[in-house]
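Beneath this line is the structure, given in structure tokens, with notes to follow.
The values are calculated or read from the model by the stated rules, or taken from the named source; none is laboratory data. Because the structure is predicted, anything quoted here is derived from the model rather than measured. Backbone-built Cβ (ideal geometry, glycine too); neighbour counts: all protein chains shown. Ligands, DNA and RNA are stripped out before the accessible areas are found, and what is left, the full protein with its side chains, is counted by its heavy atoms. Shrake-Rupley method; radii C 1.70, N 1.55, O 1.52, S 1.80 Å.
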Amino acid sequence: YKLPDHVTMEEGALLEPLAVGMASCRRAKVGLGSEVLILGCGPIGLTTLATATSIGASKVLIVDKKKDRLEIAKSFGADTLHLNENCNPKDLAQSIHATMGCIPDKCFDCVGTIESLKLAIYTTRPGGMCTLVGVPDGKIVLPLIDAMSREVDILGVVNYRNEYLSYHSYPIALAMAASFELSLPAIISHHFPLEQISLAFETAKLQADGTLKLTFQEYSYKGWNPRNTPI
């Protein structure tokens, strides 16, 4: 897909995670007036946030345990809530409802831990949609009786590869990046030259405070090539 002249190379490099956020919102049928909760302020949580606000969600709250990531989320126009390390999911759900002033009809778990999966179910409005975007590690136990009794729909998203919809999210993500001011470069926390690629991967693995999406600059035979490729 060719980038329009006004779309930067950094924005182009971030179209892949933006396409994931786009596919997630389309899967959950986010639209005008939707009240949205997003768990997790990583790159996917932030692109889901950018998509939800761009397509008309009336209220969006994003939560995380990392305060530095919440500060970035504010630049996308969302309300934020800092979570404590040890929280009971049911009690925390009530705090989220009080902060939002409503019970969200769309909830996205962009973390993928047992705690976040439970919290996503508990916080979703009866008859609402709980979309699991983060990938859990190993066997998990979910409060399915709670979801069943409140008729909460639980949806799964695997990137955007297996979309059942009639058109692909990638060109739509490009159109969105070209048409809206999404602050996408704010997701990039580090830039590395190509010769430091090992350090870049190690930094991504450690996930110290202030770490989000990392890029490295690629050199061409004719000198500096401004293309940025995401890790």
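Screening E163 with (1) closer than 25 Å to Y1 by Cβ; (2) touching a helix residue (DSSP H, G or I) at 6+ places or on another chain (Cβ under 7 Å); (3) at pLDDT 85 or above gives one miss only, at (3). Scanning segment 91-111 for residues that are under 17 Å from K65 (Cβ atoms), of a type outside the set (D, E, K, R), open to solvent by 10 Å² or more (accessible area, probe 1.4 Å) and without any contact (Cβ under 8 Å) to a residue 40 or more places away in the chain turns up L92, S95, T99. Among residues of segment 30-86 being of a type in the set (S, T, N, Q) and touching a Ser or Thr at 6+ places or on another chain (Cβ under 6 Å), the one that is surrounded by the fewest Cβ atoms within 10 Å (Cβ to Cβ) is S75. Taking (1) out of contact with any helix residue (DSSP H, G or I) (no Cβ under 6 Å at 6 or more places or on another chain); (2) part of a strand (DSSP E or B); (3) farther than 19 Å from P43 by Cα in turn, S189 satisfies each apart from (3). Scanning segment 61-79 for residues that are touching a residue at least 24 places away in the same chain (Cβ under 8 Å) and out of contact with any Asp or Glu (no Cβ under 6 Å at 6 or more places or on another chain) turns up I62, V63, D64, K66, R69, I72, A73, S75, F76, G77, A78. If I ask for residues that are under 19 Å from the mean Cα position of the chain (by Cα) and part of a helix (DSSP H, G or I), which ones from segment 83-129 would you list? Hits for segment 83-129 are I96, M100, I114, E115, S116, L117, K118, L119, A120, I121, T123.
In a residue-by-residue description of segment 143-155, the property of being in a loop (DSSP other than H, G, I, E, B) and modelled with pLDDT under 95 applies to at least one position. The lone criterion from (1) in contact with a strand residue (DSSP E or B) (Cβ under 8 Å, 6 or more places away or on another chain); (2) at pLDDT below 95 left unmet by A50 is number (1).
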